[in-house]
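Below is one structure; the comments refer to it alone.
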């Protein structure tokens with residue numbers, strides 16, 4: 001475990017839970033107590049410059065071999081060579097040429113991943129929000145996300161990081177109201193759609209929620225536990241990934257992990 005992160009407060013909290021039973025030793029939302037502090041940066045020691053290396057004089061090269069050369073391959077006349085096939089060009093998707101956010105949503109309605117699905121969830125929030133919350137998919141039977149239990153919890157969390165509710169927007173990686181398994185080919189299409197959507201929404205910072213969404217954005221080779229809360233970028237947008245918001249709203253320990261361990265890793269909220 002990296003030494004630069006101080007886990008003493010989280011350790012004390014968990015020890016308190018063991019010693020005190022199920023009683024509420026701390027408040028349910030730790031961000032009502034104090035703002036997380038970013039861990040101090042470790043000093044960087046620069047290595048001493050290496051001594052210059054003295055190169056020996058070049059050795060004498062042996063005379064070229066007088067052995068007979070192998071016969072060269074016959075030259076094929078240009079006219080007899082097969083013509084190169086022109087590279088196949090994939091037509092750009094209609095949403096890539098959209099010139100407004102409304103036109104973008106109309107265009108993605110016709111994409112294969114949304115075939116037969118109506119009323120896709122759209123961006124909710126102000127123009128150029130200070131903070132964009134990226135959710136895996138809309139909550140079922142829900143109005144605005146920020147009015148949900150998880151949304152209200154996130155408003156309280158980020159208000160303690162000096163980000164007000166009226167500067168927060170919400171959008172969804174998969175915009176259908178019914179969750180589904182998304183194959184890798186469609187994941188690539190959804191990343192392109194998100195990139196185009198971000199060009200219209202223009203957020204200051206984007207926060208994604210959930211390990212599954214983290215891998216859809218950054219690939220299976222990235223380790224969520226190592227990178228949660230750290231400074232990342234998606235398509236030129238400052239991005240930070242946190243645990244699933246619904247799970248966090250129902251689990252006090254995930255709230256403490258977010259507040260005391262993950263968020264202090266980021267410089268975006270200092």
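The values are calculated or read from the model by the stated rules, or taken from the named source; none is laboratory data. Computed from a predicted model, the values in this text were never measured in an experiment. When we count neighbours, we look across all protein chains shown, and the Cβ atoms used for this are built from the backbone with ideal geometry, even at glycine.
Annotations for the structure displayed:
- Exactly one residue out of 227, 213, 257 is at pLDDT 95 or above and more than 26 Å from residue 32 (Cα to Cα): that is 213.
- Residue count, region 160-184 (criterion: more than 21 Å from the chain's Cα centre (by Cα), within 18 Å of residue 207 (Cα to Cα) and surrounded by 14 or more Cβ atoms within 10 Å (Cβ to Cβ)): 2
- Some residue of region 195-204 being buried (at least 16 other Cβ atoms within 10 Å of the Cβ), part of a loop (DSSP other than H, G, I, E, B) and under 17 Å from the mean Cα position of the chain (by Cα): yes
- Residue under evaluation residue 157, criteria (1) touching a strand residue (DSSP E or B) at 6+ places or on another chain (Cβ under 9 Å); (2) more than 19 Å from residue 128 (Cβ to Cβ); (3) in contact (Cβ under 8 Å) with a residue 40 or more places away in the chain, criterion not met: (1)
- Members of region 108-142 found to be surrounded by 11 or more Cβ atoms within 10 Å (Cβ to Cβ), without any contact (Cβ under 8 Å) to a residue 40 or more places away in the chain and out of contact with any helix residue (DSSP H, G or I) (no Cβ under 8 Å at 6 or more places or on another chain), listed by number: 109, 142
- Region 192-235, residues that are in contact with a helix residue (DSSP H, G or I) (Cβ under 8 Å, 6 or more places away or on another chain), without any contact (Cβ under 8 Å) to a residue 40 or more places away in the chain and more than 13 Å from residue 268 (Cβ to Cβ): 211, 214, 215, 218, 222, 224, 227, 228
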